[in-house]
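Just below is one structure, and these are the notes that go with it.
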Amino acid sequence: MPIGTISALEEAVHESLARQPITDIHTHLYSPNMGNLLLWGVDELLTYHYLVAEVMRWSDTPPDVFYGWSKQQQADHIWQMLFVNHSPISEAQRGVLTTLQALGLDLTTRDLNAYRAALAGLTAEQHVDRVLALANIAHVVMTNDPFDPLEQAFWQAGHKPDPRFHPVLRIDPLVRGYNQAAPQLRDQGYDVDDDATERSFQGVRRFLRDWIQWMNPLYMAASLPPTFRFPETSANAAILRECVLPICREAGLPFAMMIGSERLINPALRLAGDGLGRADLSSVAYLAREYPHNKFLVTVLSRENQHELIVLARKFSNLMIFGCWWFVNNPVIIEDITRMRVEMLGLSFIPQHSDARILDQVIYKWAHSRAIIGKVLVDKYAALMQAGWRLERAEIERDVADLLSNNFWRFLGRSI
Ligand code: FIX
Ligand code: ZN
């Protein structure tokens, strides 16, 4: 039965979005059997680095003093400053409220200790089940760092993640600062030079092949600075050309490029101290054009790059754009980007990822984004109805499944 009215359309879109299980294609979450790597709970939620950056604008406490406190003290301070002394209206602040409310906590009490107590006693596994059910997430894609000793211990012992959690081989040091990465590669037994020599290429290729075997990742990924250029005469570019691109192609893995992060523009803020810059996307065009047998997942951090990236996606089908990353993951910008993408690409992109670092955050990140994606889709479908197009509910469900899950798996060439 075709959809006949705008209110039926709204109902169909919002229900399809709510019912469709999500594949969250980029997170910093970990399988619950990876021990302390998985962060969850109220104190972790409150000490998210987005909120650390925000509290520093009000607080007289210098960052090094703040970071010297226990996690609970840091959370108390953030709660007091950002939630009690001021109304929590920023996106990251509001996110805490959306999350606590969905977890069934009474926000009228503003009683942080009661919130802590309500989650105490749960196991990570129980909390994972509950949170993924609340957010309706079927698949969580992790970010796995082969330079982290905790990850090395897990993967090299042959452990497997919970089947809902999928690995990604994250290789920033190789393509962002190869010269500093070389000693770490030697520590892991790979015979490489500090510079981009033939011996280094062979060692890095061996490193990548080994890690692909241990991890079986869905894709390889790196965050790149605004100054990223390719081709270029740097060691980083040589490693990309001689190792990363050929191994990705050999293993059938896309390379995810997250471009525009400027590391530690305020080093005192640590994880909260990164900034952004506008990238030169002609390098992305070069890669997509000159490496037609490679696949690229791309997201950009600067608002100013978003339109240009969409134009590139129109030109190259081996380029899949995804998500509203970090500083563009705010309602006003998500809506703008999503509208531009729909208007220029139809439904052939991946609208969002959560980038959650704390398990509970997937609740708010997806609740907020789902509402915005829904608003954009209602407008676009309403225009089709106005043009006399017959719209079936099953077609809306199909489109929503593509956006929230299938486009990713299809691009990977994998079925779920
Ligand atoms: O490089 C990345 O994957 C970034 O998303 C993070 O490292 C960043 O700190 C973040 O949490 C953004 O949401
Ligand atoms: Zn991330």
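The values are calculated or read from the model by the stated rules, or taken from the named source; none is laboratory data. These figures come from a predicted structure and were not determined experimentally. Neighbour counts run over all protein chains shown; Cβ positions are idealised from the backbone, glycine included. These accessible areas exclude ligands, DNA and RNA; they are computed on the full protein's heavy atoms, side chains included. Shrake-Rupley method; radii C 1.70, N 1.55, O 1.52, S 1.80 Å.
When all alpha carbon pairs of the stretch 223-281 are counted in 10 Å bins from zero, the resulting P(r) reads 22, 40, 29, 9, 0 %. The length gained on full extension between Thr227 and Gln152, counted as 0.36 nm times the residue separation minus their Cα-Cα distance, comes to 24.0 nm. Note on the stretch 1-74: with charges restricted to the Cβ of Lys and Arg (+1) and Asp and Glu (-1), its dipole about the Cα centre is near 140 debye. Taking a Cβ cut-off of under 10 Å around His353, the surrounding Lys, Arg, Asp and Glu residues balance to a net charge of -1, with basic ones at +1 and acidic ones at -1.
Charge tally around Gln101: other residues with Cβ under 12 Å, Lys/Arg +1 each, Asp/Glu -1 each, net -1. When all alpha carbon pairs of the stretch 326-416 are counted in 5 Å bins from zero, the resulting P(r) reads 2, 12, 21, 24, 20, 13, 6, 2, 1, 0 %.
Measuring nothing but alpha carbons in the stretch 198-258 and taking Rh as the Kirkwood radius, the Rg to Rh ratio lands at 0.96. Label-to-label distance for Met340 and Ala18 is 3.2 nm, based on points extended 7 Å past Cα in the beta-carbon direction.
Placing +1 on the Cβ of every Lys and Arg and -1 on the Cβ of every Asp and Glu, with nothing else charged, gives the chain a dipole about its Cα centre of roughly 780 debye. Peptides 68-79, 94-105 ordered by packing proxy, namely the average of other Cβ atoms within 10 Å per residue, highest first: 94-105, 68-79.
Restricting things to Cα coordinates, could you compute the convex hull volume per residue of the stretch 55-120 in Å³? Here the figure is 87 Å³ per residue.
Dipole magnitude for the stretch 75-173: computed about the Cα centre from +1 point charges on Lys and Arg Cβ and -1 point charges on Asp and Glu Cβ, it is near 200 debye.
Shape annotation for the stretch 146-189: C-alpha extents along the principal axes are 36, 19, 12 Å, from largest to smallest. Mean separation of Cα pairs under 8 Å and 6 or more residues apart, divided by the residue count, gives the chain a relative contact order of 22 percent. Highest mean packing first, where packing is the average number of other Cβ atoms within 10 Å per residue, the peptides 117-128, 319-330, 10-21 line up as 319-330, 10-21, 117-128.
Subtracting the Cα-Cα distance of Met1 and Asp64 from 0.36 nm times their residue separation leaves 16.5 nm of extension gain.
Here, the stretch 126-236 has an Rg and a Dmax of 16.3, 50 Å when only alpha carbons are counted. Neighbours of Asn33, meaning other residues whose beta-carbon lies under 15 angstrom from its beta-carbon, give a summed charge of -2 when Lys and Arg score +1 and Asp and Glu score -1.
With N counted as the residues of the stretch 7-154, its alpha-carbon radius of gyration over 2.2 N^0.38 Å works out to 1.19.
By DSSP, the beta bridges lying fully in the chain are antiparallel in about 10 percent of cases. When peptides 280-290, 230-240, 55-65 are ranked by their average number of other Cβ atoms within 10 Å per residue, the highest-first order is 230-240, 280-290, 55-65. The value given for the stretch 219-354 is a Kirkwood hydrodynamic radius of 15.4 Å, derived from the mean inverse Cα-Cα separation. For Lys375, the lysines whose Cα falls under 21 Å of its own Cα, not counting residues fewer than eight places away in the same chain, are Lys365.
For the chain, the solvent-accessible area with a 1.4 angstrom probe is 42 square angstrom per residue. Applying 0.36 nm per residue to the separation of Asn36 and Arg390 and subtracting their alpha-carbon distance, the gain on full extension is 122.3 nm.
On the chain, 51 percent of the accessible area sits on carbon and sulfur atoms, based on a 1.4 Å probe.
Per residue, the Cα convex hull of the chain amounts to 148 Å³. Between Asn330 and Trp409, the modelled labels are 3.5 nm apart [label points 7 Å from Cα along Cα→Cβ]. Only helices enter this figure: runs of n ≥ 4 DSSP H residues, each worth -39500 (n - 2.57), summed and divided by the residues of the chain, yield -14000 deg cm²/dmol at 222 nm to the nearest 500. Rank Leu281, Leu412, Tyr48 by how far each Cα sits towards the positive end of the charge dipole of the chain (+1 on Lys, Arg Cβ; -1 on Asp, Glu Cβ) and give me just the farthest. Ranked along the dipole, the leading option is Leu412.
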